[in-house]
Amino acid sequence: MTEGGPPPPKSCSRRKPGTTERARALRWQENSAEGLLWQELRGRQLAGFQFTRQFPIGPYFADFCCRKSKLVVEVDGSQHADSEHDRRRDLFIRSAGYAILRFWNGDVLKHRTAVCESILATLSGNLPAETDHGDLRFAAGRHD
């Protein structure tokens, strides 16, 4: 016991130390496209599906994640085009059983309704398991 009272309680969290702080920092740094999409996803506003922002999956953070449906939604800027880091990240997230749906910032900013409709199509199983149409990339998770 310390002089000022009992010792602080031990953390019961299963997360690695610093994970929560990192997720909070990422939320503060979100770009305007992420912020606009979050307005559509938060509070179960999208057909009752619950999404979480900056959800940790292993060493990575998903922009948005519907845990129940195991769907990750990423909003990317041009720095993500043909990124080797993103390919490794996607492989890891897919190996954890998550599907990944990616949109460009510009699409979220200009076509938010269509983006939300694509997310709903994915959640309802109406999007083919492997889709790559330039502006829309979807890769189903691996369920090994």
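Quick note: the coordinates plus some simple rules give every number you see, no bench work behind them. For clarity, every value in this text was computed on a predicted model and none was experimentally measured. We place every Cβ from the backbone using ideal geometry, glycine too, and count neighbours over all the protein chains shown.
Listed values, structure above:
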item	result
Under-5 Å amide H pairs with residue 98, H placed in peptide plane, nonlocal only	142
Taking 74, 84, 34, 40 and counting other C-beta atoms within 10 Å, the order from fewest to most	84, 40, 74, 34
Ranked list, fewest to most other Cβ atoms within 10 Å of each Cβ, for 108, 72	108, 72
Tensor-based shape of region 59-104 (alpha-carbon gyration tensor, a/c under 1.5 rounded, otherwise prolate or oblate)	oblate
Per-residue HN-Hα couplings for region 38-43 [Karplus 6.51, -1.76, 1.60; θ = phi - 60°; Hz; x = Gly/Pro]	4, 4, 7, 8, 5, x
Amide H contacts of residue 74 (H built 1.01 Å from N, under 5 Å, at least 5 apart or other chain)	101, 102, 103
Whole-Hz ³J(HN,Hα) from phi, Karplus 6.51 cos²θ - 1.76 cosθ + 1.60, for region 86-97, glycine and proline x	5, 5, 5, 4, 4, 4, 5, 5, 5, 5, 7, x
